Amino acid sequence: MITCIAIDDEPKALEIIRNHVSKLDFLRLENTFTDPFQALSYLATHPVDLMFLDIDMPDIDGIQIARHFKQSALIIFTTAHSEYALESYEVEAVDYLLKPFDTARFLTAVNKVKERLASRSTASEDYFFV
């Protein structure tokens, strides 16, 4: 099970993510946040595998959050702004979903997360059993 949260200042965008996640039995959406600072406080005590993260938010943007975030959560950006795509790779985002995105595109992104987590698991097993 991949645990995740979603951070977006638009409640409608969070509802869309909730809807997409509800269709997939390998994802568990633990919480959603319209306030990125509340999300960071939550993450301090509730680590997750994945963050769906909007970029264009007031006070702090998603790129800044990703740069300063020190956990191992993977990031999928969800944004209406294509101009941040290059920067998303600088913070090692798994994918970049341009709003509006459909279920098929969402599934492609979360399958990349599954692959990345599986390779992490394999790499750590190889490290301990070599």
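The values are calculated or read from the model by the stated rules, or taken from the named source; none is laboratory data. Not measured: the values here are computed from a predicted model. With ideal geometry, Cβ positions are generated from the backbone for all residues, glycine too; neighbour counts draw on all protein chains shown. Each accessible area value is taken on the protein alone, full model and side chains, heavy atoms only, with ligands, DNA and RNA left out. Shrake-Rupley method; radii C 1.70, N 1.55, O 1.52, S 1.80 Å.
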Select from region 1-33 the residues that are in a loop (DSSP other than H, G, I, E, B), open to solvent by less than 70 Å² (accessible area, probe 1.4 Å) and farther than 15 Å from Ile76 by Cβ and list them in ascending order. Asp9
Filtered residue count, region 36-69, keeping only those that are in a helix (DSSP H, G or I) and in contact (Cβ under 8 Å) with a residue 24 or more places away in the chain: 10
Of those in region 83-103 that are part of a helix (DSSP H, G or I) and open to solvent by less than 70 Å² (accessible area, probe 1.4 Å), the residue nearest to Ala13 (Cα to Cα) is Thr103
Quick one: Ser72 ticks every box in (1) assigned to a loop (DSSP other than H, G, I, E, B); (2) in contact (Cβ under 8 Å) with a residue 60 or more places away in the chain except a single one, so which number is it? (2)
Number of the condition not met by Phe69 [criteria: (1) open to solvent by 40 Å² or more (accessible area, probe 1.4 Å); (2) more than 17 Å from Leu98 (Cβ to Cβ); (3) at pLDDT below 95]: (1)
